[in-house]
Amino acid sequence: MKRKVEIAGGGIAGLSAGALFARRGWEVNVHEQGSEIREVGAGIYIKNNSLEVLEKLGVLDRIRGQGTVLERAQIQFADGTVKQERPLRDKSRVHTFARQVLIEGLRDAALEAGVNIVTGSRVTGALPGKGLLTADGGLHEADLVIAADGVHSAVRNSLKMGGGFTELPTIINRYLVEGRAFTSQPKTVEHWSGNRRIGVTPSGPDHTYVYMVAPAWDAKAARFPIDAEDWSRRFPKIADLMAVLHRAEGTQYHYGLVKCPKWSVGNIAILGDAAHGLPPTLGQGAGLTLMNAYALAHLVADADDVAAAVAAWEQRVRFISDRTQAWAVRYDWFTRQWPTSLDFARPLVAWSFGQFKCLNERMRVADRGLAQAGIDMMGEARP
Ligand SMILES: Cc1cc2nc3c(=O)[nH]c(=O)nc-3n(C[C@H](O)[C@H](O)[C@H](O)COP(=O)(O)OP(=O)(O)OC[C@H]3O[C@@H](n4cnc5c(N)ncnc54)[C@H](O)[C@@H]3O)c2cc1C
């Protein structure tokens with residue numbers, strides 16, 4: 001008889017895990033509270049570790065042409081000087097996509113693998129050893145439950161393990177702008193001016209992804225739609241872009257952080273932002289999610305004792321997410337909170353992380369993927 005997994009949430013975590021378990025012969029139900037599978041936001045950086053999983057799922061081949069393969073990453077200060085430059089190849093390779101392109105690629109892969117996606121189904125919690133609870137009063141019995149319901153996870157909260165979501169005092173505006181007028185080359189540039197940052201990146205042949213980051217207490221920066229004059233004063237070299245952003249449709253968020261004491265409770269696995277939501281400073285939230293989804297299916301799908309395998313999964317892969325989360329928080333602090341009296345040292349720190357491989361590799365530990373957890377994606381996990 002087929003074993004069954006019930007999944008809360010039809011985002012990147014739920015769809016990727018669903019597709020991976022279905023391909024291993026499991027019956028899969030994904031419960032999504034929304035009326036359709038949809039991503040909020042603009043563009044997304046997809047790094048080596050996520051690309052490895054998307055390749056395995058056949059999703060990368062499907063969406064590659066709608067994205068951009070980046071060649072370089074730069075940090076530029078407001079006067080136009082480049083303070084950090086990194087080539088993006090091998091384990092540092094990065095593609096960018098519109099979010100909707102990625103989620104539709106994952107949705108199609110899930111459907112083709114036989115996943116049953118139930119939209120309009122709100123999950124309220126889970127019972128270890130039993131199954132998933134939905135708002136219509138249903139108990140959906142399962143061999144495995146996956147909590148992939150995002151930073152405010154109802155499943156995680158129902159398990160009463162402590163931890164949870166905290167909002168951080170940083171805001172981010174995101175836009176997907178028509179055209180490539182500001183991004184003729186395949187490079188991503190992050191512009192820095194004091195404790196504000198603007199990232200400008202090509203996202204496929206016809207779009208540019210822009211994000212603007214500032215401390216939440218910076219009242220002028222927090223205005224939305226943006227105060228184009230104020231931002232232009234801070235970033236004179238890209239003032240033309242501000243005029244476009246002032247008219248563009250965007251979204252504004254606060255950074256957030258999820259602390260989750262356990263990712264495994266009996267036969268329940270907590271996955272994605274529900275487990276390790278982090279500030280997007282390293283562009284790795286979806287990367288960790290895809291990597292951990294792959295490892296979960298790899299280690300649990302054929303196991304006789306599901307609960308023991310879920311616990312072993314957490315033990316095996318969690319360190320990569322914990323370290324990445326800690327670095328993402330440091331990066332957020334460094335760019336938001338750095339004292340003005342030490343402004344002279346900021347370029348040096350930015351330069352060092354680009355220049356010294358050991359520093360960069362330590363911070364970008366996730367880029368190297370699951371091999372460092374002993375999971376060779378071309379073969380079997382080492383015992
Ligand atoms: C500003 C910003 C920029 C980012 N940039 C990047 C980047 O460049 N690269 C990168 O790798 N990552 C990035 N991330 C992180 C990435 O977006 C997340 O890590 C990823 O989307 C997590 O996917 P998820 O499926 O775990 O959660 P979500 O995307 O939140 O999906 C959860 C799903 O569950 C559904 N749901 C929620 N509650 C319930 C319920 N009770 N019942 C049923 N369904 C429910 C939701 O509707 C949603 O569809 C960024 C994040 C932010 C905020």
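I need Ile172, Ile270, Ile44 ordered by Cβ neighbour count within 10 Å, fewest first.
Starting with the residue having the fewest Cβ neighbours, the order is Ile172, Ile44, Ile270.
Rg and Dmax of the range 147-250, Cα atoms, in Å?
16.9, 50
When the convex hull of the Cα atoms of the range 161-221 is projected onto a plane and the area is averaged over all directions, what value comes out in nm²? Show your work: numbers first, answer last.
Working: hull surface 25.0 nm².
That works out to 6.2 nm².
Using a cut-off of 10 Å between beta-carbons, work out the net charge of the residues near Gln252 (Lys and Arg +1, Asp and Glu -1, Gln252 not included). List each step's numbers first, then the result.
Numbers: positive: Arg174, Arg223; negative: none.
It works out to a net charge of +2.
Defining a contact as two alpha carbons under 8 Å apart and six or more residues distant in sequence, what relative contact order in percent does the range 1-139 show? Walk me through the numbers before you get to the answer.
On the way: 239 pairs, mean separation 45.8, N = 139.
Value for the range 1-139: 33 percent.
Which translational diffusion coefficient, to the nearest whole µm²/s, is obtained for the range 333-383 from the Stokes-Einstein equation, given a Kirkwood hydrodynamic radius over C-alpha pairs, 37 °C and 0.692 mPa s?
Numbers: Rh = 13.6 Å.
Reported coefficient: 242 µm²/s.
Using only alpha carbons, build the gyration tensor for the chain and give me the equivalent ellipsoid semi-axes, biggest first, whole Å. Walk me through the intermediate numbers first.
Working: eigenvalues 259, 89, 81 Å².
That gives 36, 21, 20 Å for the three semi-axes.
Can you give me the relative contact order of the range 177-234 as a percent, contacts being Cα pairs under 8 Å and 6 or more apart? Write down the numbers at each step before the final one.
On the way: 80 pairs, mean separation 15.8, N = 58.
Normalised by residue count, the contact order of the range 177-234 is 27 percent.
How would you rank Cys260, Cys358, going from fewest to most other Cβ atoms within 10 Å of each one's own Cβ?
So the residues, fewest neighbours to most, are Cys358, Cys260.
Based only on Cα atoms, what Rg/Rh ratio does the range 69-208 have, Rh being taken as Kirkwood's radius?
1.10
Where does the chain land at 222 nm, in deg cm²/dmol rounded to the nearest 500, when only DSSP H runs of n ≥ 4 count, each adding -39500 (n - 2.57), divided by all residues? Mind dumping the intermediate values first?
Working: 13 runs with 136 residues, N = 383.
Mean residue ellipticity, 222 nm, calculated: -10500 deg cm²/dmol.
If you stretched the chain out fully between Leu359 and Leu111, how much longer would it get, using 0.36 nm times the residue separation minus the C-alpha to C-alpha distance? Before the final figure, lay out the partial values.
Working: separation 248, 0.36 × 248 = 89.28 nm, distance 4.10 nm.
This chain segment gains 85.2 nm when fully extended.
Suppose we flag trypsin sites (Lys or Arg not before Pro) only when DSSP calls them loop and at most 11 other Cβ atoms lie within 10 Å. Which is the longest uninterrupted stretch of the chain? Present the calculation step by step, with values, prior to reporting the outcome.
Values: sites that count: Lys2, Lys160.
Within the chain, the longest run free of exposed trypsin sites (Lys or Arg not before Pro) spans 161-383.
Can you give me the pair-distance distribution of the range 275-383, C-alpha pairs, 5 Å bins, whole percents?
2, 11, 19, 19, 16, 11, 8, 6, 4, 2, 1, 0
For the chain, which span is the longest to avoid every loop-located (per DSSP) member of chymotrypsin sites (Phe, Trp or Tyr not before Pro) having at most 15 other Cβ atoms inside 10 Å?
Working: sites that count: Trp217, Phe356.
The segment 1-216 is the longest one with no such site.
Considering Cα pairs under 8 angstrom that are at least six residues apart, work out the relative contact order of the chain and quote it in whole percent. Display every interim value, and only then the final one.
Details: 841 pairs, mean separation 78.5, N = 383.
Dividing the mean separation by the residue count of the chain yields 21 percent.
How many angstrom lie between the Cα centre of the range 248-286 and the Cα centre of the range 15-76?
16 Å
In whole Å, how far is the Cα centre of the range 117-147 from that of the range 295-355?
29 Å
How about Lys259: which lysines have a C-alpha closer than 19 Å to its C-alpha, ignoring those fewer than 8 places off in the same chain?
Output for Lys259: Lys160.
Have a look at Gln84, Val53, Ala113 and report the one farthest towards the positive end of the charge dipole of the range 1-147, computed about the Cα centre with Cβ charges (Lys/Arg +1, Asp/Glu -1).
Checked the options; the winner is Gln84.
Report the gain in length on full extension from Arg62 to Glu178: 0.36 nm times residue separation, minus Cα-Cα distance, nm rounded to one decimal.
Working: separation 116, 0.36 × 116 = 41.76 nm, distance 2.20 nm.
So the extension gain works out to 39.6 nm.
For Lys2, give me every one of the aspartates and glutamates with a C-alpha distance below 20 angstrom, ignoring sequence neighbours fewer than eight places off in its own chain.
Here the aspartates and glutamates satisfying the reach criterion relative to Lys2 are Glu27, Glu112, Glu141, Asp143, Asp302, Asp304, Asp305.
For Val189, what is the net charge nearby, where nearby means another residue's Cβ is under 13 Å from its Cβ and Lys, Arg count +1, Asp, Glu -1?
Numbers: positive: Arg72, Lys83, Arg86, Lys187, Arg197, Lys237; negative: Glu71, Glu85, Glu190.
Here the charged neighbours net out to +3.
Looking at the chain only, what percent of DSSP beta bridges run antiparallel? Nearest 5 please.
Values: 51 of 73 bridges.
Just about 70 percent of them are antiparallel.
Using a cut-off of 12 Å between beta-carbons, work out the net charge of the residues near Gly11 (Lys and Arg +1, Asp and Glu -1, Gly11 not included).
Working: positive: Arg38, Arg99, Arg107; negative: Glu32, Glu39, Asp149, Asp273.
The answer is -1.
For Lys237, list the lysines whose Cα falls under 23 Å from its own Cα; do not include residues on the same chain fewer than 8 positions away.
In chain and number order, the partners are Lys83, Lys187, Lys220.
Every number in this text was worked out from the coordinates using simple rules, so none of it is lab data. Here the structure is a predicted model, which means the values were calculated and not measured. Note that each Cβ is placed from the backbone with ideal geometry, even for glycine, and that neighbours are counted across all protein chains shown.
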